[in-house]
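Worksheet for the structure shown next.
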Amino acid sequence: MTFSLRGLAVAPGIAIGRAVLIASSRVEVAHYFISTDAVEAEIERIRAGRDAVIEELGRLQKSVSQMSRNEAPHELVAMLEVHLMLLQDEMLSDGVRHWICERHYNAEWALTTQLEIISRQFDEMEDPYLRERKADLEQVVERILRHMQGASALMTDLNKTNSNSTPRNPIRNDKQQSPQQNLLSEEKHDVPLVLIAHDLSPADMLQFKQSVFAGFVTDVGGKTSHTAIVARSMNIPAVVGTRAASQLINQDDWVIIDGDAGVVIVDPSPIVLSEYNFKKRQGELERTRLLRLINTTANTLDGQKIELLANIEVPEDAAAALDVGVLGVGLFRSEFLFMGREVKGLSTLPSEEEQFNAYKNVVLGMHGLPVTIRTIDIGADKPLDKKEKAQDAHLNPALGLRAIRWSLSEPDMFITQLRAILRASSFGQINLLIPMLCAVSEIQQTLAAIALAKKQLDDEGIAYGSVPIGAMIEIPAAALMLPTFLKYFDFLSIGTNDLIQYTLAIDRADEAVSYLYDPLHPAVLHLISNTIKQADLHGKPVSVCGEMAGDASMTKLLLGMGLRSFSMHPAQLLKVKQQILRTDTRKLKTWTQQVLNAESPQEFI
Ligand code: PEP
Ligand code: MG
């Protein structure tokens with residue numbers, strides 16, 4: 001049955017494919033695609049796991065049958081019968097085989113996918129007895145998984161069952177691996193796949209950079225949540241904040257993701273499908289046309305030279321940045337080097353050497369173009385690990401110990417990062433950018449930490465280059481005390497994503513208040529315009545590196561405010577350049593002032 005869902009359009013374009021649902025965290029197992037050669041072995045793995053469980057339950061059933069009537073717990077006898085029946089159920093085994101053979105899911109993923117499908121059917125049953133058999137099915141699948149993982153916790157669980165309650169144990173992966181990890185594949189898939197999940201962390205999203213997915217949909221998330229930002233950087237259509245996509249869409253449903261309109265269409269009719277196929281081709285043509293601008297200098301009609309820089313998350317992104325002709329990296333979000341590194345549930349931090357190599361690789365990869373490295377901005381919707389996110393759930397992490405606040409509270413970590421960045425500056429021009437500053441005491445502590453890192457390197461005779469130091473303006477307090485910032489720093493970079501969040505008190509990752517997240521709010525525009533003006537007056541470089549810089553509908557306004565340096569994901573660059581090439585900044589003065597004076601600036605855009 002066709003239906004559609006509305007969400008937030010976060011990455012443009014149309015994707016059409018079969019839904020791949022990532023099971024909720026209740027069922028945590030590794031997900032990866034297998035090669036065609038591995039299909040038989042994978043089926044054999046499942047069969048062996050299932051046979052082992054049948055054998056074990058059979059043995060147990062035998063020993064129970066030897067007990068006297070009074071000794072044998074009634075619940076255990078009944079449960080064993082049900083479990084053995086479920087284990088031999090064709091719907092389970094045929095389904096699992098289907099996911100392995102047709103979609104090349106690994107065995108555990110195939111098993112949990114089929115579990116989810118059958119579970120939904122149980123949920124719809126009217127008979128309460130049958131509905132409750134879902135718990136039995138979950139236990140059966142858990143036992144197979146445990147056998148496949150070599151664990152043997154069977155007896156413990158049976159003892160629990162014996163205590164009269166039917167346990168609904170979560171199926172956990174002993175490796176504590178993120179369920180989204182390893183969704184990478186060298187294999188070509190005949191059918192395009194789109195990913196549907198309740199939530200994806202920015203670190204999970206990063207894994208998908210090399211994945212096979214043609215698009216993404218999540219239940220939660222805001223337009224400038226970091227998950228959305230990474231999706232945008234991948235140039236793959238995405239819709240977030242749909243609220244219930246992961247519950248309403250079934251595994252393998254055909255899905256259209258309209259990343260321009262923020263709409264998801266499930267099980268489309270042939271007419272709708274052909275309409276969207278047409279739209280998709282139009283989009284592809286438009287992108288091909290834009291490629292012609294790669295070698296054109298980004299000058300306005302009146303000859304103003306505009307600097308277009310790249311936002312990157314990992315060193316490998318440098319190549320894509322060069323491909324579209326950037327003049328440097330304006331924002332390297334270094335925190336992505338620190339995320340998703342849990343080993344046995346504990347976070348680990350990258351060493352100085354590992355960081356040094358990553359920073360050096362970006363610098364070398366940019367072939368002499370400047371690279372702005374932002375010190376770690378962890379916290380809020382970018383937790384170091386999942387445990388941290390769970391601990392923060394009752395607080396307001398966006399207002400908590402994130403970014404420079406966290407760095408200053410972890411001096412060893414901070415000095416290690418600063419040393420690594422400074423060392424990499426021997427290999428090319430690096431600018432050091434500090435996130436989330438809002439108080440002069442923080443500024444002074446930060447500069448002291450940088451001085452200390454330099455002194456250590458001097459004492460050890462380790463070389464480093466001349467590194468300009470810049471501050472992000474992303475808290476209203478910072479935008480309201482610019483003279484102080486301009487006194488201490490060599491350059492400024494406006495982080496509009498957070499500036500909007502903190503000015504309007506709107507959590508950027510919360511879809512429930514996303515309707516209020518407004519880059520064109522007069523208060524936001526005044527803070528941005530004033531920051532650009534003040535920096536100009538002091539002769540200090542200023543750029544915008546928040547998502548507004550990559551939004552072509554904002555280009556004219558930012559140019560009108562006097563901005564001459566834009567940093568954005570490479571995928572957004574040519575559209576913005578197209579706007580720049582069409583603009584005469586001399587004609588923007590009156591209009592920009594009208595926009596800034598307006599109660600509802602969007603009427604002018
Ligand atoms: C911003 O806040 O605009 C910014 C660029 O930083 P981030 O999105 O990583 O918070
Ligand atoms: Mg920010």
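The values are calculated or read from the model by the stated rules, or taken from the named source; none is laboratory data. Since the structure is predicted, the reported quantities are computational estimates derived from the model, not experimental observations. With ideal geometry, Cβ positions are generated from the backbone for all residues, glycine too; neighbour counts draw on all protein chains shown. For accessibility, only protein heavy atoms count, side chains too; no ligands or nucleic acids. Shrake-Rupley method; radii C 1.70, N 1.55, O 1.52, S 1.80 Å.
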Rg(Cα)/(2.2 N^0.38 Å) for the chain, N = residue count: 1.09
Highest mean first, how do 111-121, 53-63 rank when packing is the count of other Cβ atoms within 10 Å averaged over residues? 111-121, 53-63
What size of dipole, in debye to the nearest 20, comes out for region 517-605 about its Cα centre when the only charges are +1 on Lys and Arg C-beta atoms and -1 on Asp and Glu C-beta atoms? 460 debye
For the peptides 329-342, 249-262, what is the packing order when you average, over each peptide's residues, the other Cβ atoms within 10 Å and list the highest mean first? 329-342, 249-262
If I fit a long axis through the Cα atoms of helix 107-123 and take the longest principal axis of the Cα atoms of the chain, what angle between them do I get, 0 to 90°, rounded to 10? 80 degrees
Tell me, what % of the accessible area of the chain is carbon and sulfur with a 1.4 angstrom probe? 53 percent
Once you sort the root eigenvalues of the Cα gyration tensor of region 560-605 as a ≥ b ≥ c, which label holds: rounded (a/c under 1.5), prolate (a/b larger than b/c) or oblate (the other case)? prolate
Net charge of neighbours whose Cβ lies under 9 Å from the Cβ of VAL220, counting Lys and Arg as +1 and Asp and Glu as -1: -3
Would you mind checking LYS223/LYS454; LYS454/LYS577; LYS533/LYS577; LYS209/LYS454; LYS305/LYS587 for any pair whose Cα atoms are more than 28 angstrom apart? LYS223/LYS454; LYS454/LYS577; LYS209/LYS454
Around MET436 (Cβ within 9 Å, Cβ-to-Cβ, excluding MET436; K/R +1, D/E -1) the net charge comes to -2
Region 85-116 and region 264-311: distance between their alpha carbon centers, rounded to Å: 40 Å
Long-range amide H partners of MET436 with built H, under 5 Å: MET472, GLU474
Under unit Cβ charges (Lys, Arg +1; Asp, Glu -1), what dipole magnitude, rounded to 20 debye, does region 209-364 have relative to its Cα centre? 280 debye
Under the rule rounded for a/c under 1.5, else prolate if a/b exceeds b/c, else oblate, using alpha carbon gyration tensor axes a ≥ b ≥ c, region 276-365 is classed as oblate
Packing-based ranking, highest mean first, of 29-41, 569-581 given that Cβ atoms within 10 Å are counted: 569-581, 29-41
Run lengths n ≥ 4 of DSSP H only: what is the helix-derived mean residue ellipticity at 222 nm for the chain, with -39500 (n - 2.57) per run over all residues, to the nearest 500? -14000 deg cm²/dmol
